[in-house]
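Below is one structure, written out as structure tokens; the observations come after it.
The numbers here are math on the coordinates, done by the rules we state, and not lab data. Please read all numbers here as calculations on a predicted model, not as lab measurements. Cβ atoms come from the backbone with ideal geometry, glycine included; neighbour counts cover every protein chain shown.
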Amino acid sequence: MNWTFFHKLGSPKWFYEISGRWLPWLVISSAILMTVGLVWGLLFAPPDYLQGNSYRIIFIHVPSAFLAQATYVMMAVAGAVALIWRMKLADWALKCGAPIGASFTVMALVTGAVWGKPTWGTWWVWDARLTAMLILLFLYIGIIALRDAFPSQQTASKACAILALVGVVNIPIIKFSVEWWNTLHQPATLKLTEKPAMAPEMLIPLLICMAGFYLFFLTVFFLRLRNEILHREQRTRWVRALFS
Amino acid sequence: MAFEDFASFIAMGGHGLYVWTSYAVAALVVIFNLVGPWREKRRIQASISRQMRRETAAPKTKPVQRSAPMKPAHGESV
């Protein structure tokens, strides 16, 4: 396997250049996919035979819940890379992922609560899935707060990486909570191994929305990471050259 | 189209309030994630430009012994 990309990732300058080239495409493709997916889901997908039109919340609830977890896994991997190889870009990636992941967790929790009201008759239950998602939000908030809790930046980075790694145990709990416990939350909508139970008229716009939200995540993640690079590398010659 | 007219689209079969609240929250999260880094970028760019202007205005000199308390440079906030 060719490892040059991994060494290149160690160079913030290289990442700044490559992400600058990717950004316009990410912006355009995420905007198109999100627009198509959401318009399709809101206007053209048929109503659910049981839930009527309230199920249309799925088109934002499921992508945000997926992203809330995927962002955390990404941060845990970044934390491991930062601890093992002391790659500074990985530490910055961990830092930049946290506010995005937290915002998607809030989005998943709020859209879930609003969906729960007409479907279950309640905004909130201390169900395994919901509680595990709330813990995920606390993990995000903890990682954000931990960074400012140390006078030394290096100690803060290490502490954040360790917390991200320890907290990753929550991700399989979220994933399997609907199978391990008898929860109010419905089982997974999408499974890789089985044929989806969802009708294609609903499934296709949902998949488009998920692709759109994933690309949106990449877009705003790159925006934040590029800011972090500019800020940290502001004394280097290549950043100076950008501004002269 | 799953709806007969615009009013039934807004009503969402009686679930309009729930559906549109959710989508409003989603819109807020999207806006938060775009505006946050955008403002941060402007702040960092301004800070780097200011720093570079300051350096060209006052090229690298050794700190001199000050007899009088230093006044802020022209046009600079304290």
Output the relative contact order of the stretch A:36-120, whole-number percent, from Cα pairs under 8 angstrom with separation of 6+ residues. 35
In what order do A:Ile58, A:Ile144, A:Ile84, A:Ile171 fall by count of nearby beta-carbon atoms within 10 Å, going from fewest to most? A:Ile84, A:Ile144, A:Ile171, A:Ile58
Please turn the phi angles of the stretch B:37-44 into ³J(HN,Hα) values with the Karplus equation 6.51 cos²θ - 1.76 cosθ + 1.60 (θ = phi - 60°), one per residue in order, whole Hz, x for glycine and proline. x, 5, 5, 4, 4, 4, 5, 5
At a threshold of 8 angstrom on Cα-Cα distance, excluding pairs fewer than six apart, so keeping six or more, what relative contact order does chain A reach in percent? 32
Which whole DSSP H helices in chain A pass both tests: a Cα extent of 15 Å or more along the axis and a mean Kyte-Doolittle value no lower than 0.5? A:12-39, A:58-85, A:88-120, A:128-147, A:153-167, A:200-232
Exposure proxy ranking, count of Cβ atoms within 10 Å, fewest first, for A:Ile60, A:Ile32: A:Ile32, A:Ile60
If each of A:Gln154 and A:Thr193 carries a label point 7 Å out from its Cα toward its Cβ, how far apart are those two points in nm? 4.6
Under a Cβ-Cβ cut-off of 11 Å, what is the net charge of the residues other than A:Glu228 that fall near it, where Lys and Arg count +1 and Asp and Glu count -1? +3
Please list, by residue number, every one of the chymotrypsin sites (Phe, Trp or Tyr not before Pro) in the stretch A:1-53 that is coil in DSSP and has at most 15 other beta-carbon atoms within 10 Å. A:Trp3, A:Tyr49
What number, rounded to the nearest 500 deg cm²/dmol, is the helix-based mean residue ellipticity at 222 nm of chain A, given -39500 (n - 2.57) per DSSP H run of at least four residues and division by all its residues? -25500 deg cm²/dmol
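Set the Förster distance to 51 Å, then compute FRET efficiency between B:Glu4 and A:Trp25 from the Cβ-Cβ distance, nearest 0.05.
Working: r = 39 Å, r/R0 = 0.76.
Efficiency for this residue pair is about 0.85.
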For chain A, set up a GNM with springs between Cα atoms under 10 Å and report which of A:Ala197, A:Ala93, A:Ala65 has the largest fluctuation. A:Ala197
Note, A:Cys96: beta-carbon cut-off 12 Å, +1 each Lys/Arg, -1 each Asp/Glu, net +2
Calculated FRET efficiency, B:Glu55 and A:Val77, Cβ-Cβ r, R0 41 Å, to nearest 0.05? 0.60
Work out which trypsin sites (Lys or Arg not before Pro) in chain A are exposed loop sites (DSSP not H, G, I, E or B, at most 16 other Cβ within 10 Å) and give the longest gap free of them. A:87-190
Considering only Cα-Cα distances, which of the following residue pairs are longer than 26 Å: A:Lys158/A:Lys191; A:Lys117/A:Lys175; A:Lys95/A:Lys175; A:Lys95/A:Lys117; A:Lys8/A:Lys95? A:Lys158/A:Lys191; A:Lys95/A:Lys117
Please order A:Thr111, A:Thr219 by the number of other Cβ within 10 Å, starting at the fewest. A:Thr219, A:Thr111
